[in-house]
Amino acid sequence: MILQIRRANSKDADVLSRIAFSSKAHWGYPKRWLEIWKPQLTFNPEYFQTGESWTAELDGALIAFYTLHEKDGIAWLEDLWVLPEYIGKGIGKQLFVHAMNRSRQLHYRIIQLEADPNAVGFYEKMGMRKVGERRSEVDGQLRILPIMEIAV
């Protein structure tokens, strides 16, 4: 098994959308919530022409990806998604390290992200810390999403 990290391109949009959706579903969210989130988890080809999106490919198959955007002079890590069968196998860590290295190359000093509550432990293991939170609502239920950061 050979893992390769490469730039995502517009042709990857459908596969990466399926990865994001299945990764979100892995955490046992209600079906209704997943339907509400489907537009946010569906990426059009143009999305991969803005910011920097990178994929993890294993033996030629896409299994994970992330996107970096610039937000107020900070690297903003979005959409770090791993197929459920690869969660806990180091793929997310490899992509996170790649994002850190890429942020350094782009001369960012900080990476921030809005974490899914189920991913907080992963990000803490990567060295991130909570610096704030964003309140949101899904189907009438309050959710508190941690804002996390790490120095690059």
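The values are calculated or read from the model by the stated rules, or taken from the named source; none is laboratory data. Because the structure is predicted, anything quoted here is derived from the model rather than measured. With ideal geometry, Cβ positions are generated from the backbone for all residues, glycine too; neighbour counts draw on all protein chains shown. Just the protein is used for accessible areas: all its heavy atoms, side chains included, with ligands, DNA and RNA removed. Shrake-Rupley method; radii C 1.70, N 1.55, O 1.52, S 1.80 Å.
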Item to check | Net charge over other residues, Cβ less than 11 angstrom from the Cβ of Arg6 (K, R count +1; D, E count -1) | outcome: -1
Checklist outcome for this item: Site Arg143, offset 7 angstrom along Cα→Cβ, radius 16 Å on amide nitrogen, limited to region 1-36, gives 20-36
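Rounded, prolate or oblate, given the Cα gyration tensor of region 29-114, with a/c below 1.5 counting as rounded?
Oblate, since a/c reaches 1.5 and b/c is not below a/b.
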Checklist entry - How much solvent-accessible surface does His26 expose, in Å² to the nearest 10, with a 1.4 Å probe and all protein chains in place? => result 80 Å²
Next on the checklist: Quick check: at a probe of 1.4 Å, how many percent of the accessible area of region 3-152 sits on carbon and sulfur atoms?
Outcome noted: 49 percent
Checklist entry - Counting only the heavy atoms of the protein chains, how much of Arg6 is accessible to a 1.4 Å probe, in Å² to the nearest 10? => result 70 Å²
Item to check | Heavy atoms of Ser23: accessible area, 1.4 Å probe, square angstrom to 10 | outcome: 10 Å²
Next on the checklist: Apply the a/c threshold of 1.5 to the C-alpha gyration tensor of the chain and tell me whether it is rounded, prolate or oblate.
Outcome noted: rounded
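Would you rank Ile147, Ile19, Ile2, Ile36 by solvent-accessible area, highest first, keeping every protein chain in place and using a 1.4 Å probe?
Ile2, Ile36, Ile147, Ile19
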Checklist entry - In deg cm²/dmol, rounded to 500, what helix-only [θ] at 222 nm does the chain give when every DSSP H run of at least 4 residues adds -39500 (n - 2.57) and the total is split over its residues? => result -8000 deg cm²/dmol
Checklist outcome for this item: Of all lysine pairs in the chain that are eight or more residues apart or on different chains, those with Cα atoms under 25 Å apart total 17
Next on the checklist: Can you classify region 83-152 as rounded, prolate or oblate using the Cα gyration tensor, where a ≥ b ≥ c are the square roots of its eigenvalues, rounded means a/c under 1.5, and otherwise it's prolate if a/b beats b/c and oblate if not?
Outcome noted: oblate
Item to check | Candidates Gly92, Gly140, Gly28: whichever shows maximal mean-square fluctuation once the chain is modelled as a Gaussian network with Cα springs under 10 Å | outcome: Gly140
Checklist outcome for this item: Cβ-Cβ cut-off under 12 Å around Lys130, Lys and Arg +1, Asp and Glu -1: the net charge is -2
